[in-house]
Amino acid sequence: MLAGPAFRLGRPAGVATALAGTAAALVLLLGLAPGVLAGQVPRVSVPWLPALGLNASLFLDPLGLLFAGLILGIGLLVLLYARAYLHAEEAWGRFFVVLLLFQGAMLGIVLADNVLLLVVFWELTSLTSFLLIGYWNDRPESRRGARMALVVTGSGGLLLLAGLLLLGGIAGSFELSVILTRREAIQASPLYLPALLLILGGCFTKSAQFPFHFWLPQAMAAPTPVSAYLHSATMVKAGVFLLARLWPVLAGTEAWSTIVAPIGLATMLVGAAVALFQNDLKGLLAYSTVSHLGLLVMLLGFGTPAAAAVAVLHIVNHAAFKAALFMNAGIVDHETGSRDIRALGGLYAVMPIAGTLALLAAASMAGLPPFGGFISKELMLEEALHTAWGANDWIVPALATVAAAFSVAYSLRYVGHVYLGPRMPTPKAPHDPPAGLWLPSAILVVIAVLAGIAPQTTLGWIVTPVADAVTGGLADPLSLKLWHGVTPALLLSILAVGVGLMLLGAHGPLERTRPPMPQAPRIFDALVAAAVRGSRVFTHALHEPSLQRTLAVLFATSLALAGLAGWGLPLTGDRPRLPASPVAIIVWFGILAATGAVVVLHRRRFLALVLISVIGLGVSLAFVHLSAPDLALTQISVEIVTILLMLLALNLLPKDSPPLDAPMRRLRDGLLACAGGLAVGLGAWAVMTRIPDRTLPDWFWANAYPGGGGTNVVNVILVDFRGFDTFGEIIVLGIAALGIYALLDTTARGAAGRRLARRAAAGGEGTPRSPERHPLMLVVASRVILPLAVVTGLFIFLRGHNMPGGGFIAGLVFSIALLVQYMASGWDWAQQRQRIPEHALVAAGVLAAAFTGLGAILLGLPFLTSGYDYFTLPVVGEFELATAMLFDIGVSLTVVGAVMMALSQLARVAQRAETLPADRSPMDIDPSRDPEGAR
Amino acid sequence: MSLEFLVASAVAVLTAAGLYLALRARTFPVVLGLAMLSYAVNLFLFATGRLVVDLPPIYDKAATGYTDALPQALVLTAIVISFGMTAFVVVLALRSYLETGTDQVDGRRSPADMTAEDEQGRQA
């Protein structure tokens, strides 16, 4: 990660940092290696989200060591190679940083002890792989390949997450070290099969198994160092790694062998056959990688310890020769300007070093003696010979031999058609590349050769402990030598080479007669397009473009869910009912009548507003009757402000609603509404008639005075016990006010501005107006009321902690007092006298509340704990001051700011639509200023 | 008739009216419907504390019983939040009307609402 900043310092510094970091990690790993191989398992664990079972825990066992070594070792070589491969003008910083990020994520996968952590790293490799494949983001095929890889491996990652969650649930822990000890419990669980399928889904997509293999060839649009690193040696092995990691608990069942081995075999065959007919060098290598991954999966799928050990051996061999070959393909591309096998030939003469390296690596890939690939292939055939499907014991070895023959053919085609044969003209005149390009692959080729000549010394020390780690010590040590005597496997091997050579010889005719291959990318694209279309249709059916449709779906769904949840519960509980007084019945009737009238008369909008205020009044009265004075006060003041606001808005909106809906729709909505109302009413009835659990109320009741210092329990809850809720709430209110400001402040421009201007020009005709704009009596009365209202507000505020009242109500009363001034004398007049902008009020309120809460933290108490004490003043007597009051001041200020901002902004917009000139005098007739004014 | 029945039926009627109005095709009835739904929801929340008459929500040594203060506190904030929401929705309705020249929310547009300018905008 250090490399990012280092690239700012210059390219050499950045590359040096990247190399140094990787090398240091490799040295560290090698330092740990002897201990690990001797059986120690170093662990680190840091709790991260313990509630989710997610710990940042890592451990290093031989399997992790092998993969970490591959990742860092090949990583180092690839970094060196990339340094020589990238052109001067490329974005080096981005490339190296993402490559290192990938390296870190990959290490995370192989070292993770916690399976959830593993998934996190898993997805991280998918993301970095996306960025690396799409590195040349100006090329369409890069973007397409990157997208496809992300979709396939990313959705595979989701499957994996689900599978590992199931697995962790069965095992009772998300730590791998625990899961690996629960084999019996896991395999006996009914959830074993779903978990297995999901995990395999993740592994097969990542490791490009048939039929998910198609993304890997498309990913070849990446720069060659990326292909060599991600798509041959490391990332695609992550799936194989996980299969190996979970092999002890998952393998050995009927389901495991009948799913994993055939898919591996199919992948091996398909990959090998298709690879022979690829004309792109990297395409050939990509399909060959698919084939070899299939081989690995098949070996693990056999479920026998010996086969798993062979898989481990082949992982090392494959990483060595395939990364070397990818680098070689990059060299050919770099030197000749072409990767098309048909356009290449006879390069050995001009590029002897690269040619030799290619020859050796390809021979290992073909499984020819005396190379590493030969040993693992022979052991693979040996295992295949031991595998019978049902009564049939020849089909597996036969198919494996066919795949091996194809593999011989395409390996030799790589060498034969590129380096040998007649020399073809190429876009660039090729010569051997600089050492920076061939040296990394040479190191890998040396390993591949040594793995064949002296297998026990080269690989034995690591393969045996890793095989033990995978199989739990069940595997016998592999006999790693070139000559096993004349065995059936050797005969099959010879057969494969012979058939392979014949296939290569017949390549030309075969190429012409082979059936066309199904185009997986095209199928994939069609699937994606269909999914997009489907979701669009679905979205459109649910909401766009009609709010009516959205709400109807929403209401119907909630109704169905509520009905499902409440169905069958007894309706009435045991709580004794309260008798209703005649007054209560009258108020109830009033609410019902007003509600009915609003529904019937809602087209006449002013009338509907008047009626809805009747409902509000009724609700306030209900609160009074039902022992909730605070609520009654709040409801009535909110009611006033709301109605004022709606009136102002209605000034600019149409005054009536011509009917739009067909009768059928109205009937449907009416039925839906009645059902919803009935459900809610029954729910309310069911709640109210049950005997409540009094623990919570009793607690508040007992603690409000001793803990919060107030006798008004409602207010104490608001400013103290649930102060955080209130804090959040005033923030919401502030945001709503700012939103209103943003919506209305810009109405002077654009279509809205033109419409307002048209209205103003039309002179507001049709709107009846009072001849007096600012009536004398109203103005005078409002002036008298202002100080009275402010004092009332203060009174309500101060007593709020102990008696009904408090910051909300006080804030609303202040706002109403100010609004009356606006109403009486007009917006311009009031605005001139306004000293503090509403924004400042909202901000000050939220800040005051926040600082009160932070004060408590400074004193070492939880956020928003209130302190209080009693003071005695002469005359006034004893009174109480609590920090909660500061908080309440904040609440009050925010409410005033928000309300004033909403209404004054609305009034200002209305002003824009006015025809009359702005009027800055307080009233129409001002006797003091204009004695003759009274005409 | 019991008080519980009165409250439950009022909640039911307010909800039904609110739902019906919210499903109408113009902004203003939707706003009215939302306001009615907030009355209904607030009443419902309040009712979860059960109905009591003539008992103080204020701490008093002489009191024999008391109301459940928690739903009251929750409803108090809910009332203020409903105001914030109603205000915002009204202004949103206003702005969209000023911007588009129609107050319909059913995704269609009746020709009567269209001005010459909008007509040009559509054809352009």
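The values are calculated or read from the model by the stated rules, or taken from the named source; none is laboratory data. Computed from a predicted model, the values in this text were never measured in an experiment. Virtual Cβ from ideal backbone geometry, glycine too; neighbours counted across all protein chains shown. Ligands, DNA and RNA are excluded from the accessible area calculation, which covers all protein heavy atoms including side chains. Shrake-Rupley method; radii C 1.70, N 1.55, O 1.52, S 1.80 Å.
Structure above, values below:
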quantity: Cα centroid separation - segment A:154-232 against segment A:521-551, whole Å; calculated: 29 Å
quantity: For segment A:409-501, the fraction of alpha-carbon pairs in successive 5 Å shells from zero, as %; calculated: 3, 10, 10, 14, 17, 16, 12, 8, 6, 3, 1, 0
quantity: Per-residue ³J(HN,Hα) for segment A:201-206, Karplus 6.51 cos²θ - 1.76 cosθ + 1.60, θ = phi - 60°, Hz, x for Gly and Pro; calculated: x, x, 5, 5, 5, 5
quantity: Förster radius 60 Å - calculated FRET efficiency between A:Phe589 and A:Arg536 (Cβ-Cβ, nearest 0.05); calculated: 0.75
quantity: Angle between chain A longest axis and helix A:807-825 axis [Cα atoms, degrees, rounded to 10]; calculated: 60 degrees
quantity: Under the Debye formula (equal points on every Cα, no solvent term), log10 I(q)/I(0) of the protein assembly as shown at q = 0.04 Å⁻¹; calculated: -0.35
quantity: Within segment A:341-364: backbone nitrogen closer than 14 Å to the A:Ala506 label point (7 Å, Cα to C-beta); calculated: none
quantity: Gyration tensor (alpha-carbon) shape descriptor, segment A:598-694, a/c threshold 1.5; calculated: oblate
quantity: Shielding by partners, peptide A:890-898 (average Cβ within 10 angstrom, other chains); calculated: 1
quantity: Alpha-carbon centroid distance for the pair segment A:569-586 / segment A:373-446, whole angstrom; calculated: 85 Å
quantity: Distance (nanometres) between label positions extended 7 Å along Cα→Cβ at A:Lys428 and A:Ala24; calculated: 3.4 nm
quantity: Relative packing of peptides B:87-99, A:334-346 - highest average C-beta neighbours within 10 Å first; calculated: B:87-99, A:334-346
quantity: Segment A:254-514, relative contact order in percent, only Cα pairs under 8 angstrom and at least six apart counted; calculated: 26 percent
quantity: Segment B:3-110: equivalent-ellipsoid semi-axes (sqrt of 5 x gyration tensor eigenvalues, Cα, Å); calculated: 37, 16, 7
quantity: Convex hull of segment A:282-367 built on C-alpha atoms - directionally averaged projected area, nm²; calculated: 5.6 nm²
quantity: Other protein chain Cβ atoms within 10 Å, averaged over every residue that makes up A:666-678; calculated: 5
quantity: Between helix A:750-762 and chain A: long-axis angle, C-alpha atoms, 0 to 90°, nearest 10; calculated: 20 degrees
quantity: B versus A: buried accessible surface, summed, Å² (probe 1.4 Å, to nearest 100); calculated: 9400 Å²
quantity: Solvent-accessible area, 1.4 Å probe, carbon plus sulfur percent, for the protein assembly as shown; calculated: 71 percent
quantity: Estimated FRET transfer efficiency when R0 is 25 angstrom, pair A:Val553-A:Val732 (beta carbons, to 0.05); calculated: 0.45
quantity: Label zone at A:Thr356 (point 7 Å along Cα-to-Cβ), backbone N below 12 Å, segment A:422-452; calculated: A:442, A:446
quantity: Distance histogram for segment A:254-514 (every C-alpha pair counted, 10 angstrom bins, percent rounded to whole numbers); calculated: 8, 31, 35, 19, 6, 1
quantity: Segment A:85-102 - phi-based ³J(HN,Hα) in whole Hz, Karplus 6.51/-1.76/1.60, Gly and Pro as x; calculated: 7, 5, 6, 4, 8, 6, 7, 5, x, 4, 4, 5, 5, 5, 5, 5, 4, 4
quantity: On Cα atoms only, tilt of A:663-688 relative to the major axis of chain A in degrees; calculated: 80 degrees
quantity: Förster radius 35 Å - calculated FRET efficiency between A:Arg749 and A:Ser546 (Cβ-Cβ, nearest 0.05); calculated: 0.80
quantity: Spacing of the two label points (7 Å from each Cα toward its C-beta) at A:Leu191 and A:Ala349, in nm; calculated: 6.7 nm
quantity: For segment A:1-250, projected area of the alpha-carbon convex hull averaged over all directions, nm²; calculated: 13.4 nm²
quantity: Peptides ranked, highest mean first, by Cβ atoms within 10 Å: ranges A:595-606, A:222-233; calculated: A:222-233, A:595-606
quantity: Number of partner chain Cβ atoms within 10 Å, mean per residue of B:37-50; calculated: 6
quantity: Fraction of alpha-carbon pairs over 18 Å apart in segment A:181-244 - percent; calculated: 47 percent
quantity: Cα-based shape type of segment A:369-459, given that a ≥ b ≥ c are square roots of the gyration tensor eigenvalues and the cut on a/c is 1.5; calculated: oblate
quantity: Of A:Lys237/A:Lys282; A:Lys282/A:Lys481; A:Lys282/A:Lys377; A:Lys322/A:Lys428; A:Lys206/A:Lys481, pairs whose Cα-Cα distance is over 29 Å; calculated: A:Lys282/A:Lys481; A:Lys206/A:Lys481
